[in-house]
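One structure is given below, encoded as structure tokens.
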Amino acid sequence: MESDVTDVIESAVNTIEGIEELTSYSGQGVSWVTVTFTLERDIDIAAQDVRDKVSGAVGELPLDAEPPIVQKFDANSQPMLWMALAGLDARELSDYADQVVKPRLQSVPGVGNVLVPGFREPMMRIWINRDKLAAHRLTVNDVIAALGRENLELPGGYIEGPKIELAVRNLGLFETVEDFDQMIVATVDGRPIRLDDVGFTQLGVGDERGMARYNLTPTLGLGIAPRSGANLVDVNSAVRERMEELKQDFPPGLFYDVAFDGAEYVEKSIENVQVDIVYGAILAILVVFAFLRSWRSTFIVSLAIPTSLIATFGFMRIFGFSLNNLTTLALALSVGVVIDDAIVVLENIFRHLEEGEDSFTAALKGTREIALAAMAATFSIAAVFIPVAYMKGMIGQFLFECGISVAAAILISLFVALTLTPMLCSRILSITPKHGRFYDMLENGFTNLESAYSRALDWALRHKIVTLAAATGIFIASLGLVPFIGGEFAPAEDMSAFMIRTEAPVGISLEAMDLKMQEVERVILEQPEIRSGFAALDIEERGQINSGIMFMRMYKPDQREATQAEVVQRLRRELAKIEGLQSSVIEFSFYNVAGEGGEKALDYSIRGPRLSELDRIGQRVMERLSAEPGFVDLDTNLDHEQ
């Protein structure tokens, strides 16, 4: 496969412009070539270039090779909903999932693909009695030839009449066990020899080259991958509703359960940010009220928050943004900023009112005087976020929506401050000649604070050298703390779910690998924090029965004592005790960027002309790193034993 197929495809696509990385996998009867392009390359045009190059290389592939399939890989189109289907025997379960469940799920809007690990295709098994075959002077090749000759459906032509025409269909395909058993294999001495004379037919399933289990119960997996660009929350919600509809017509004994739903964390995360936005808005209003000490002034300024944020939704719609972690974060950041311009405008209008001008004149003059300063302040803040949105690389891809959303909210707040705020001031803002006790109490506090600040500022201005030296010392000391802080792309998240990848030596049998997986499952399900576990072998259908994957769901954080990080560390120690199996515990993160190393936080690419030397260097690196504290789940993607 490597020399006849993989090398041919790699040579064909290697000349395409904008390739950042080209990797491949060659196994028994399968070849995977992954082409990674730079972020600046248009992926649709790049995919078409790949199709053109692969089409041109088809003539160089072996004659018995199937036509290559070119697919775009979208990190957001990976299965983020896994369900377990169980309760029937393997043949009935596979048939029901393939004929009923899978087509209904594929028709859900937004669903791009449905994976079915553990599926075993129904097929007819023909068992030949060697002695009976020899007694009729026949061979297995005669049976094979008869199947190709008899189990065939050909066009039967047409029956034409003066007014109508009928198409004739030749029903030549066998559909039942009896049809196969009655097939004529050959005619010997004038007597037809049927298949049941030399053997028998049995309705069964395909060879078991994988498996799926849910809580140690054999099952069939359903992995739902959203279409590129589809909303994950909407797709998963629609699929779960469709499964509830299908559940009403399930055969007796059949049941399903959700093994993993990535949309749950998305919904919870966005819900938390939305609550934070409300809290932030309330706190901002309270702070404004504490300083303005006027319900009317506070009401006028506070209207800038919902007005600016709701108007920002329109810009998000124009740019094709959705409510996700980054856009809701942008709205949360904007809550305290969008009222700044309104406060400045209102304060200047209030000053004119104190000077005796009427409300309309005060609003007009106050806004004119402060408009330029408000515009300068707003544009300076927007100038910080707009360049962030157009940063290059992966960081720019993440921050684009956040930067544009913040900048839009800030610019809209300027428009609100120069239009809505002065209009409201001209209508409802007034000066109260007499204030209450609460006003006087806050006024005394602000007066004392102003006096203390004045004294501190006076001391700093009279001791310039000491002030500069202290500021410089604090700055240098702060830089010294940077190495102790550390750095990471995104903080660890407790999603109450994680994944485990397992790998055994190449050549292990399916039965032995299944026993290893059961051992891992028992260790995991014994943990009190684990709610359920879904396990599967060869989930990508590459023929790699030595690799497995598990999706684990935990109880919610308020329902368990240990954190997810503590459970993961405990499992790493327990799984390391299982001999002949390498396990890696992977914590989910929606900010994870998978490269050549998959979900690993750090990966090195070692390249060279000889596999034996690469294997030696790779093992040496792993040995050195394993001796260092802090490194876990070390692995290499080179299976030299293949």
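The values are calculated or read from the model by the stated rules, or taken from the named source; none is laboratory data. All values reported here derive from a predicted model rather than from experimental measurement. So basically every Cβ, Gly included, is an ideal-geometry build from the backbone, and we count neighbours across all protein chains shown. Please note that ligands, DNA and RNA were not included when accessible areas were found on the heavy atoms of the full protein model with its side chains. Shrake-Rupley method; radii C 1.70, N 1.55, O 1.52, S 1.80 Å.
Toward the positive end of the charge dipole of the stretch 1-107, about the Cα centre and with charges on Cβ (Lys, Arg +1; Asp, Glu -1), which of Gln71, Val50, Leu22 goes farthest? The listed residue farthest towards the positive side: Gln71.
Near Ile410, within a Cβ-to-Cβ distance under 11 Å, what is the net charge of the other residues, with Lys and Arg +1 and Asp and Glu -1?
Working: positive: none; negative: Asp340, Asp341.
Summing Lys/Arg as +1 and Asp/Glu as -1 gives -2.
In this structure the chain gives 59 Å² per residue of accessible area when probed at 1.4 Å with all protein chains present.
Heavy atoms only, probe 1.4 Å: what % of the accessible area of the chain goes to carbon and sulfur, would you let me know? With neighbouring chains kept in place, the figure for the chain is 56 percent. Rounded to the nearest angstrom and listed largest first, the equivalent-ellipsoid semi-axes of the stretch 63-108 from its Cα gyration tensor are 26, 19, 11.
Think of the stretch 144-234 as having a plus end and a minus end, set by charges on the Cβ of Lys, Arg, Asp and Glu; of Leu216, Ala145, Leu203, Leu216 sits farthest toward the positive end of this dipole.
Accessible surface of Ile370, taken over heavy atoms with a 1.4 Å probe and every protein chain present, rounds to 30 Å². Remark: the chain carries a charge dipole of roughly 2200 debye about the Cα centre, counting +1 on each Lys and Arg Cβ and -1 on each Asp and Glu Cβ. For the peptides 1-7, 42-48, 58-64, residues were scored by their other Cβ atoms within 10 Å and the scores averaged per peptide; the highest-first order is 1-7, 42-48, 58-64.
When you restrict to C-alpha pairs under 8 Å that are six or more residues apart and normalise by the size of the chain, the relative contact order lands at 12 percent. Stokes-Einstein, applied to the Kirkwood radius of the stretch 33-191 over Cα pairs at a viscosity of 1.567 mPa s and 4 °C, places its translational diffusion at 59 µm² s⁻¹. Summary of packing: across the peptides 339-347, 303-311, the per-residue average of other C-beta atoms within 10 Å ranks them, highest first, as 339-347, 303-311.
Each of (1) 42, 34, 20; (2) 66, 32, 25; (3) 62, 46, 28 is a candidate for semi-axes √(5λ) of the Cα gyration tensor in Å; the one calculated from this structure is (2).
Rounded to the nearest 10 degrees, the inclination of helix 140-150 to the longest alpha-carbon principal axis of the chain is 70 degrees.
Mean residue ellipticity at 222 nm from the helices of the chain, using -39,500 (n - 2.57) per DSSP H segment of n ≥ 4 over the full residue count, to the nearest 500 deg cm²/dmol? That comes out to -16000 deg cm²/dmol.
Answer with one residue from Leu457, Ala311, Val621: the one whose Cα lies farthest towards the positive end of the charge dipole of the chain, charges on Cβ with Lys, Arg +1 and Asp, Glu -1. Selected residue: Leu457. Taken about its Cα centre, the stretch 65-200 carries a charge dipole of about 240 debye when Lys and Arg each add +1 at the Cβ and Asp and Glu each add -1 at the Cβ. Angle of helix 340-354 to the longest C-alpha principal axis of the chain, folded into 0 to 90 degrees and rounded to 10: 20°. The distance separating the Cα centre of the stretch 616-638 from that of the stretch 380-403 comes to 36 Å. Net charge near Ala371, counting Lys/Arg +1 and Asp/Glu -1 over other residues with Cβ under 13 Å of its Cβ? Its environment carries a net charge of 0.
Phi angles across the stretch 527-534 convert, under the Karplus curve 6.51 cos²θ - 1.76 cosθ + 1.60 with θ = phi - 60°, into 3J(HN,Hα) values of 6, x, 7, 8, 8, 7, x, 10 Hz, Gly and Pro given as x. By how many degrees, between 0 and 90 and to the nearest 10, does the Cα long axis of helix 510-525 differ from the longest principal axis of the chain? It works out to around 30 degrees.
Normalised radius of gyration (Cα atoms, divided by 2.2 N^0.38 Å) for the stretch 298-350: 1.29.
With +1 assigned to the C-beta of every Lys and Arg and -1 to the C-beta of every Asp and Glu, and no other charges, what is the dipole magnitude of the stretch 249-407 about the Cα centre in debye, to the nearest 20? Using only the charged Cβ atoms, the result is roughly 460 debye.
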